[in-house]
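Rule-based calculations on the coordinates, nothing more; no lab input. What you see is a predicted model; the values in this text were computed from it and never measured. Here the Cβ is made from the backbone with ideal geometry for all residues, glycine too, and neighbour counts use every protein chain on show.
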Amino acid sequence: MHHFHYSGSSLHCESVDLAGVAKLYGTPTYVYSAATMADNYSRLQRGLAGLDAQPCYAMKANSNIAILRHFANLGAGFDLVSGGEIRRVLAAGAHVKTSVFAGVGKTEAEIKLALENGIFSFHVESEPELARINHVAGKLGVKAPIAIRVNPDVDAHTHAKITTGKSDNKFGIPLKHAAAAYEAAAKYPHLQIKGVQMHIGSQLTSVAPFVEAVEKVGPFAAELKAKYGITYFSIGGGMGIIYKDALASGQQAWWDAQPADQRPLTPETYGAALVPRLKPLGLKILLEHGRFMVGNSGVLVARVEHLKRGAGKNFLVVDAAMNDLVRPAMYDSYHEIVPLHRDSSRRALVADIVGPICESGDCFAKDRQLQELGEGELLAFMSAGAYGYTMASRYNTRGMAAEVLVNGGKFELINTRETFEQMIAGEKVPAFLK
Ligand SMILES: Cc1ncc(COP(=O)(O)O)c(C=O)c1O
């Protein structure tokens, strides 16, 4: 469920007309719905009722400081993966005491920053990292709280580039070696064993792999509780969202019409399967969902540059490109594309929807059917709230897009469009070329 819908013929985010936002701030612009994020957060909490559960929003999905502040206000901690992300939390006026620090290559400077700011726990990915965290904590004269990320070797049945819980992925320590890694951790004087963590992948559309992973790692978590007194089990993130019927899935009627055996994964199904398996452990449960929290909460609004009619193929050239939203080029991912002004009297158009970048991969959709659109008209890429802006780049010297947050009938710019001067501010011609 989300808060993007047509009111009359105009696409709205909550009660804001998206065409008005585009008029004010230009395109391409990401627009986010604060109400959708709050709904997602509370649905996840309700789904896991009965557990002592703490959502740690995986901010790699969308790390704008306004979004972080919104989640902090809702009670979230954060799943962090870099010193930059720690500093974003601080810049948002939130704190890192309920946050966890993951990632396969934490530097000494990042570990120090996390410890100085009272990180809840490090999620350790390897034996050498245990030694490094112990070393930094020793220099600071503190004990570093840690959990080891175990790799349960479960197939998440998702895209290869976002599968993380198989034994051939770079993440975590295989379950069969994890007991030895905990024994090693227990010998370090500046480490405090606090929990255990796993994360099997992203955009999972069925609950079965989550169940399999919890059933594999749960007994190990119980052993760790008995042996080291661990207090928490982080079960990672990964809950998938609807990309294909993104707009329709904002309405309850769409959910009601799905055949029972084909219903997409919801926080309710997720909770119903996992709560009975997790509750007997008597541990605090951390959740690291990113995509689920923000994915359906954002759209990328773009403008049509031209309709180029080719030999047997049409191309709708828009002013957004793979640098703004890289998911289709990187993961062959699908985003529903809808006009901001809906007009059922128009003819249908079948076209490739492409950006202006000099790469054949700069293509958002192939042979997509939508209403005929012409130069200057606006469209929206649905479900673009996660891994959209955070994965964007300046390729082709295109500045970063603007970002806007909507709340009811109000909206505000939360990130200005990057200017050319900002883009080249750190660059200079060296003396030997002058
Ligand atoms: C350790 C960890 N936790 C959480 C996440 C968030 O995943 P998602 O956005 O699919 O919920 C990721 C994503 O890569 C991750 O690596």
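For the range 327-394, the calculated P(r) over all alpha carbon pairs, in 5 Å bins from 0 to the bin holding the longest distance, is 3, 14, 25, 26, 18, 10, 3, 1 percent.
Counting Lys and Arg as +1 and Asp and Glu as -1 over every other residue whose Cβ lies under 14 Å from the Cβ of residue 395, the net charge comes to -2. For the range 228-290, the Cα-based Rg and Dmax, in that order, read 15.3, 49 Å.
Ranking 264, 314, 100 by Cα position along the charge dipole of the chain, where only Lys, Arg, Asp and Glu carry charges on their C-beta atoms, puts 100 farthest toward the positive end.
Report D for the range 193-236 in µm² per second (integer): Stokes-Einstein, Kirkwood Rh on Cα pairs, 25 °C, 0.890 mPa s. After rounding, the answer is 222 µm²/s. Rounded to the nearest 10 degrees, what's the angle between the helix 65-74 long axis and the longest principal axis of the chain, both from Cα atoms, 0 to 90? In the chain, helix 65-74 runs at an angle near 60 degrees to the longest axis. In the range 34-291, the ratio of gyration radius to Kirkwood radius, Rg to Rh, stands at 0.96 when only Cα atoms are counted. In the range 296-423, the inverse of the mean reciprocal separation of distinct Cα atoms equals 15.3 Å; this is its Kirkwood hydrodynamic radius. Extents of the range 1-110, taken as max minus min of Cα coordinates on every principal axis and listed largest first, are 53, 38, 24 Å.
Using the structure shown, list the pairs from 139/225; 112/428; 97/187; 60/97 with a Cα-Cα distance above 23 Å, or answer none. Before the final figure, lay out the partial values.
Working: 139/225 28 Å; 112/428 32 Å; 97/187 25 Å; 60/97 18 Å.
In this structure, 139/225; 112/428; 97/187 lie more than 23 Å apart at Cα.
Here the scattering of the range 21-61 is modelled by Debye summation over its C-alpha atoms, one equal scatterer each and no solvent; at q = 0.14, 0.27, 0.33 Å⁻¹ the log10 of I(q)/I(0) is -0.50, -0.99, -1.11. Between the amide H of residue 247 and any residue lying 5 or more places away or on another chain, no distance stays under 5 Å, with hydrogens modeled in the peptide plane. Taking the charge dipole of the chain about its Cα centre, with +1 at Lys and Arg Cβ atoms and -1 at Asp and Glu Cβ atoms, the residue from 191, 220, 1 reaching farthest to the positive side is 191. When the inverse distances between all different Cα atoms of the range 279-320 are averaged and flipped, the Kirkwood radius reads 14.9 angstrom.
Tell me, what is the FRET efficiency for residue 261 and residue 366 to the nearest 0.05, using R0 = 25 angstrom and their Cβ-Cβ distance as r? Kindly include the intermediate steps, with their values, before the conclusion.
Numbers: r = 30 Å, r/R0 = 1.18.
The computed FRET efficiency comes out at 0.25.
A simple charge model with +1 on the Cβ of Lys and Arg, -1 on the Cβ of Asp and Glu and nothing else charged puts the dipole of the range 162-256 at about 420 debye relative to its Cα centre.
Panel order for 275, 31, by other beta carbons found within 10 Å of each beta carbon, from fewest to most: 275, 31. When +1 charges are put on Lys and Arg Cβ atoms and -1 charges on Asp and Glu Cβ atoms, the dipole computed for the range 296-423 relative to its Cα centre reaches about 280 debye. Comparing 68, 56, 37 along the charge dipole axis of the range 27-101, the residue lying farthest to the positive side is 68, per the Cβ-charge model.
Between beta-carbons, use under 14 Å as the cut-off and find the net charge around residue 307, counting Lys and Arg +1, Asp and Glu -1. The answer is +1. Taking all Cα pairs closer than 8 Å and separated by 6 or more residues, the relative contact order of the chain comes to 21 percent.
In this Cβ point-charge picture (+1 for Lys and Arg, -1 for Asp and Glu), the chain has a dipole of about 860 debye about its Cα centre. Taking other residues whose beta carbon is less than 11 angstrom from the beta carbon of residue 336, and scoring Lys, Arg as +1 and Asp, Glu as -1, yields +1. For residue 334 and residue 73, a Förster radius of 25 Å and the Cβ-Cβ distance give a FRET efficiency of 0.20, rounded to the nearest 0.05. Only alpha carbons enter this Debye calculation for the range 1-48, each as an equal point scatterer, and the log10 of I(q)/I(0) it gives at q = 0.24, 0.27 Å⁻¹ is -0.87, -0.98. Taking amide hydrogens as placed 1.01 Å from N in the peptide plane, the amide H of residue 151 sits under 5 Å from those of 173, 175, each at least 5 positions away in sequence or on another chain.
From the C-alpha coordinates alone, can you work out the Kirkwood hydrodynamic radius of the chain, in Å? For the chain, inverting the mean 1/r across all distinct Cα pairs yields 22.9 Å.
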